[in-house]
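Notes for the one structure printed next.
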Amino acid sequence: MIRTKGKSISIASAKGGVGKTVTTLNLAGVYEHLEKKVLIIDLDLTSGGISVALNRPFEKTIYNFVDDYNNNRYTDFANYVTSYDDFIDIMPCPKDPRQASKIDSKFIDILIDKAVFHYDIVLIDTNHILNETSIMALDKVDLILFVLTNDPLDLKNMKSLLSIFKDSNITNYKILLNNSRDPYKNYFTLYDIKNVIGANIDYSLTSNFYLKNIDSYLINGEIITLHKRMPSVFNKDYSTFMTIALDVLDEEKKESNNDQK
């Protein structure tokens, strides 16, 4: 049986500390509810926190995949991932940050190519810095989901980043306004934000999704959207994550229908 090629999504931003990792984990939880097999790749190579956030011990990392592939030792993709549960696997960033510099960006292309034939959804948590590795991932994925906050520096950086995308004719991105990252930073209205960055806001998380005890979830390795009470307690924000997830799957259906014509 030939597996259908999955979809790849890069969760990105114009600055750090906007909630990319938590967004990545919550999307993974929603896709699990949809019974989709998910791989989370931690491409924040020097300071990624996916494995820590999910509280999962691991042996192999992206570095091991690249090193083995480069030296003809690669055998099975499953050898390089760590299971979180029946639906979610993770590929952690290197244990030693010094290994990050040894990862040739060309292998990120190979990694994503292989991952989408093993999983329905590949979620890539990136660093906000536009280095070779991040750029390779952004060029490769089906969709870029930018996480944005109501912060002057974030808006300024996003405006600059989107101007680069426009000049490069890159249009496969959506923008998620994360009002839950810091509910007290409400400097700009939605209208102002759109004018500042020169782009539309596709999705929004409300300030109600702000969790004072978010660290306790991370220490316990829990994904918030997998909690049974999440759909009822945070109905609007759960619906936002579900909308993002379904939009990606809907695009997949459209592409499949076009291929059959």
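Descriptive notes on the structure:
- Among (1) in a loop (DSSP other than H, G, I, E, B); (2) farther than 21 Å from N157 by Cα, the one test that V18 misses: (2)
- Some residue of the stretch 69-78 being more than 20 Å from the chain's Cα centre (by Cα), on the phi > 0 side of the Ramachandran plot and outside any strand (DSSP E or B): yes
- Any chance K174 is of a type in the set (K, R), in contact (Cβ under 8 Å) with a residue 24 or more places away in the chain and within 24 Å of T23 (Cα to Cα): yes
- The residue list F146, F234 contains one member that is surrounded by 15 or more Cβ atoms within 10 Å (Cβ to Cβ) and either more than 22 Å from the chain's Cα centre (by Cα) or farther than 30 Å from T4 by Cα (or both), which is F234.
- Within the stretch 16-44, residues that are over 26 Å from K102 (Cα atoms) have Cβ atoms under 7 Å from residues that are assigned to a helix (DSSP H, G or I) and of a type in the set (S, T, N, Q) in these pairs: N26/T225; G29/T225; V30/T225, counting only partners at least 6 apart in sequence or on another chain.
- Considered as a group, the residues in the stretch 80-106 that are of a type outside the set (A, V, I, L, M) and within 19 Å of G6 (Cβ to Cβ) include one that is surrounded by the most Cβ atoms within 10 Å (Cβ to Cβ), and that residue is Y80.
- Set L155, L176: member being modelled with pLDDT of 95 or more and more than 17 Å from the chain's Cα centre (by Cα): L155
The values are calculated or read from the model by the stated rules, or taken from the named source; none is laboratory data. The structure displayed is predicted, hence computed values, not measured ones. Cβ atoms come from the backbone with ideal geometry, glycine included; neighbour counts cover every protein chain shown.
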